[in-house]
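The values are calculated or read from the model by the stated rules, or taken from the named source; none is laboratory data. Treat the numbers as computed from the prediction; the structure is a model and nothing was measured. Ideal geometry is used to build each Cβ from the backbone, glycine not excepted, and the neighbour counts take in all protein chains shown. Protein only, heavy atoms only, side chains kept; ligands, DNA and RNA dropped before computing areas. Shrake-Rupley method; radii C 1.70, N 1.55, O 1.52, S 1.80 Å.
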Amino acid sequence: MNNKQSKLFEPVTELKGVGAKTATALASLGINTIYDLLFYFPFRYDDLETIPLDQIEDGQKVLLKGMVVTDPFVSRFGYRKTRLSFKMKIDHDIIMVNFFNQPWLKDKVESGKEVAVYGKYQVARQSLSGFKLVAEKKDSGFAPIYSVNRHLKQNKLQKLIDLALEEAINEVGETIPASIREKYRLLSDRVLVEKMHHPKNGNEAKIARRSAIFREFFLFQMQLAQLLSQRNEDAPGVEKKYDLAAVKELIEEIPFELSDDQKKVVNEIFADLHSKRQMRRLLQGDVGSGKTVVAVFAIYAAVTAGYQAALMVPTEILAQQHFAKIDELLKPLGVRVALLTGDTKDLEKKEIYRELADGTINVVIGTHALIQKDVHFKNLGLVIIDEQHRFGVNQRNTLIKKGDAPDILAMTATPIPRTLALTVYGDMAVSEIRHLPKGRKPVVSSWATSSKLREVLDLMRSQLDKGFQIYVVTPLISESEKSDLKNAEDLQAKIAHYFKDENVVLLHGQMKGDQKNEIMDSFAAGKINILVTTSVIEVGVDVPNANMMVIFNADRFGLSQLHQLRGRIGRGQTQSFCVFVSDPKTEIGSGLNFTLGKLKVLPSGPSFQLQPGKNIIGRRATHSSADFQIPTEGSKRLSREHLVIEIKKVQGKGFVH
């Protein structure tokens, strides 16, 4: 950073006429330096180009200029409400202008004088609901509108930004390398600042906003890259010299070939294990994409290197299923795997505690029971946390601290906000399994109202006749006076009555562990045809023969839950069906169709975009919902991958911020 650029970071009091009081008001908006002021962008623009009356659409916001032909009159109504009214002549037409709750404007309106009013026009009434009077010097172009508060008014902030532009715009340097700007047709920092504050038209504002969004994310990603690099340097680990020959035996032991995505992720994990830095990796993959098998390779590599591994999961059902799978794969290779949950008998617990402490047990799989104070490891080298967002930060750290800087692998099928926060703030590197195993067919998802229930039952009958099993899910266990939602107990009775020749069984979270295990074992063995349940099956249940799910009151589940629930089916080679039954009574509930659309595309990664009124870095918001679009024929979306690739090219070259 040179001296010329560093002047930008001087306090706003260096600007002419900015004293301590104004500086305090600016600070309330997060503006402390001249740089902050220049990069405090408008969240919208008012189009101040006048339009002929016959071209204005009803409800359109417009600027109208004309002659005031009546004296302004203020009337009062309601509680402390006012209306300032006057008539204005535009060419040969006369319209009514009303300003609500701005009585002080009366002194600025005089009969026989020209006036310019910005507001919303009502065609049928030939009236304009005024928002503001526009000064003569702002009689054309786009007027920037900024986020302000009670400490600083719009006009004052605009004057200060114009002052900063006048005094310091030539000192704005470049942040993004020229090669990247040319490649993606981006404006220079100096030009984008000028155009963001004073665009001549909508297209110019759009082009400037696009460059501003890219710049914001570029700086953000550069900071993340530096943070991640620093974290890696500050997080020393232990190099694990795993036995590659033994790992090849595991490859031969698995009855199927790993997908390309799985192979890629395994290699990334093995590189981390072999590094002298602590692994902090997040494995993200859709439900049923094969994350568990990847975890098995990580576990076995750690074991062959002489370390123990711990896999913590949120539910006992998932712990038991993981234990069954992993023990089946690793036991033939001489690996001792143990299961530790809240339902483990006291005598068995003590034995597990002892064998973990002396190293007899190589791998332990469990729930929150793993973080109890009695659990001690001889040499914990790998911690795996499945559905890591289901655990609190302290819970995860408690398990991690049971080892000496163990490598950490977190797994999730649903990128919810906490997961995104982990990756956004550089705590973890990310691996992805993007594709389902070969032969899997996408689940056919549909929405049905209660009036279509007969068709849903017919589909259930057809699947049962083919020998398949079905999940029926509902949000409640029993009837509630406060809610008319379907409940599992009543639903089980009704479905059992309808399908009299089928074995219909109830499962919910309030049952004892042994009872739940017995029911799940029976369902997995094909002894139960229809399982009526709550979201207790949300995570980890794996029954390939179950190829249909019916979710009642689907609008009462979140997107994450629906995604996880639907993941219980589609695990075999046959076509699976998920039916969301719902009669939404609210505007939010009626968004279920939108939610289904999200579920259909959930595995693919979104492009970067800013939501209206939001931004990522600080408070210098661009407030745009527009994606990064190249405004040319054959334009392409600038995704996260594009940005990361470009950042990797310039890492280490430094940047200005």
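Here are the numbers:
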item: Set of aspartates and glutamates with alpha-carbon distance to Lys240 below 17 Å, sequence-local pairs under 8 removed; result: Glu268, Asp272, Asp404, Asp407
item: Ranked by how many other beta carbons lie within 10 Å on average, peptides 263-274, 565-576 from highest; result: 565-576, 263-274
item: Cα gyration tensor shape of the stretch 319-390, rounded if a/c is under 1.5, else prolate or oblate by comparing a/b with b/c; result: rounded
item: Rounded if a/c under 1.5, otherwise prolate or oblate - the stretch 30-86, Cα gyration tensor axes; result: oblate
item: Solvent exposure, largest accessible area first (probe 1.4 Å, DNA, RNA and ligands not counted), of Arg461, Arg125; result: Arg125, Arg461
item: Spatially proximal aspartates and glutamates relative to Lys108 (Cα-Cα < 16 Å; intrachain offsets below 8 disregarded); result: Asp71, Glu136
item: For the stretch 1-140, accessible area per residue (1.4 Å probe, heavy atoms of protein chains only), Å²; result: 59 Å²
item: Low-density loop cleavage sites - GluC sites (Glu not before Pro) in the stretch 1-61, where at most 16 other Cβ are within 10 Å (DSSP); result: Glu49, Glu57
item: Theoretical FRET efficiency, 1/(1+(r/R0)^6), r = Cβ-Cβ of Ala525 and Glu10, R0 60 Å, to 0.05; result: 0.20
item: The stretch 321-417 - percent of accessible surface contributed by carbon and sulfur, probe 1.4 Å; result: 50 percent
item: Under 21 Å, Cα to Cα: Lys pairs in the stretch 331-417, sequence gap 8 or more or different chains; result: 15
item: Trp447 accessible area, 1.4 Å probe, all protein chains in place, Å² to nearest 10; result: 90 Å²
item: Candidates per trypsin sites (Lys or Arg not before Pro) in the stretch 311-372, loop by DSSP, up to 16 other Cβ within 10 Å; result: Arg336, Lys345
item: The stretch 287-323-the stretch 445-466 distance, computed between alpha-carbon centres (Å); result: 36 Å
item: Descending Cα extents along the principal axes, the stretch 46-196, whole Å; result: 59, 37, 28
item: Ranked packing of 371-378, 518-525, 529-536, 74-81, most packed first, by mean Cβ within 10 Å; result: 529-536, 518-525, 371-378, 74-81
item: C-alpha center-to-center spacing [the stretch 516-579, the stretch 392-410] in angstrom; result: 31 Å
item: Nearest-0.05 FRET efficiency for Phe100 and Val123, computed from C-beta distance (R0 25 Å); result: 0.85
item: Cα gyration tensor shape of the stretch 181-308, rounded if a/c is under 1.5, else prolate or oblate by comparing a/b with b/c; result: prolate
item: Dimensionless Rg/Rh of the stretch 21-60 - Kirkwood Rh, Rg from C-alpha atoms; result: 1.31
item: Peptide ranges 492-499, 251-258 listed from the most packed, as the mean C-beta count within 10 angstrom indicates; result: 492-499, 251-258
